[in-house]
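Undergrad: Structure incoming, see below.
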Amino acid sequence: MTTRTAVVTGASSGIGAATARALAADGWRVVLGARRIDRLEALAGELGGLALHLDVTDPQSVAAFASRVERCDLLVNNAGGALGTASVADADDAEWLRMFEMNVMGTLRVTRALLPAIVASGDGIVVTIGSIAAREPYRGGAGYNAAKHAVAAMTRVLRIELGGQPVRVSQIDPGMVETEFSVVRFGGDEQRAAALYERMDPLTAEDIAETVRWIASLPSHVNIDSMLVMPRDQTSAQVVHRHE
């Protein structure tokens, strides 16, 4: 029996790394893509997987990555991120373009490049890691909100376009997850990032990884179109219960 192969982008840390571990534990062969190749190779060695350099904002990098992927039964589009908290009035063009490159164009490039292999697998799955920002715009998230709404629209139209094909398409939209995400968003300010999660219990990368693993374990006729996953202490994008 051929071992099914999962390709995970943004796999050097956080949700991507946790997802790779969860899938490997479930019997998947994992192909890991990210820019930080040293971290990636360490994880691939741990899991018996394959580490490949990938910068989703660079079309040539995506093409080189895809050329090394011999089989793809499951694609987990995890690469992406947010930059800053500027309002529309104060928006920085470069930040917005960077977020669209990371989230929208990156997801497009990798999905497009691997789609023939996903279809050819005969039972393919595309899982995109979105965000609550794809569903609910919030103050301080203008550019990221716009990018993740675009990703959600692209994921939905892919589902429509693949009607009748042996491919399932899902989007997982996490709420507050404590990873490096906020540190990057705040330009490396770890103290500011940590303050977001004070006196509440956020999700972990492993929580989201488990949802990916579950979706991938379901019978092929079951498609989880979308999931909104939030910690118990969070009820909307900016409504969070803080413990005394």
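Coordinate-derived values only; no laboratory data. Remember, it's a predicted structure, so these values are computed and weren't measured experimentally. Cβ coordinates were reconstructed from backbone atoms using ideal geometry, including for glycine residues, and neighbour counts include every protein chain displayed.
Undergrad: Using only the alpha-carbon atoms of segment 1-132, report the extent along each of the three principal axes, biggest first, to the nearest angstrom.
TA: Extents along the principal axes, in whole Å: 57, 29, 28.
Undergrad: Would you mind checking the tilt of helix 59-68 against the longest principal axis of the Cα atoms of the chain, expressed as 0 to 90 degrees and rounded to 10?
TA: Approximately 40 degrees, to the nearest ten.
Undergrad: Suppose a student asked you for the relative contact order of segment 5-231, using Cα pairs under 8 Å spaced at least 6 residues apart; what percent would you report?
TA: Working: 436 pairs, mean separation 47.9, N = 227.
The normalised contact order for segment 5-231 reaches 21 percent.
Undergrad: Counting only DSSP beta bridges with both residues in the chain, tell me the antiparallel percent, nearest 5.
TA: 5 percent
Undergrad: When you have a sec, figure out the Kirkwood radius of segment 179-244 from all distinct Cα pair distances and drop it here in Å to one decimal? Mind showing how you got there, number by number?
TA: On the way: mean 1/r = 0.0713 Å⁻¹.
Value: 14.0 Å, from the Cα pair sum.
Undergrad: Can you give me the angle between helix 37-47 and the longest principal axis of the chain, using Cα atoms only, in degrees from 0 to 90, rounded to the nearest 10?
TA: 60 degrees
Undergrad: Continuing with the same structure: Evaluate the charge dipole of segment 5-231 about its Cα centre and quote only its size in Debye, nearest 20, assuming +1 on the Cβ of each Lys and Arg and -1 on the Cβ of each Asp and Glu.
TA: 500 debye
Undergrad: What 222 nm value per residue comes from the helices of the chain, counting each DSSP H run with n ≥ 4 as -39,500 (n - 2.57) and dividing by all residues, nearest 500 deg cm²/dmol?
TA: Value at 222 nm, helices only: -12500 deg cm²/dmol.
Undergrad: I would also like to ask the following. Please determine, in degrees from 0 to 90 and to the nearest 10, the orientation of helix 205-217 with respect to the longest principal axis defined by the Cα atoms of the chain, where the helix direction is its Cα long axis.
TA: 30 degrees
Undergrad: Restricting things to alpha carbons, find the Rg to Rh ratio for segment 5-231 using the Kirkwood radius for Rh.
TA: Rounded to two decimals, Rg/Rh equals 0.94.
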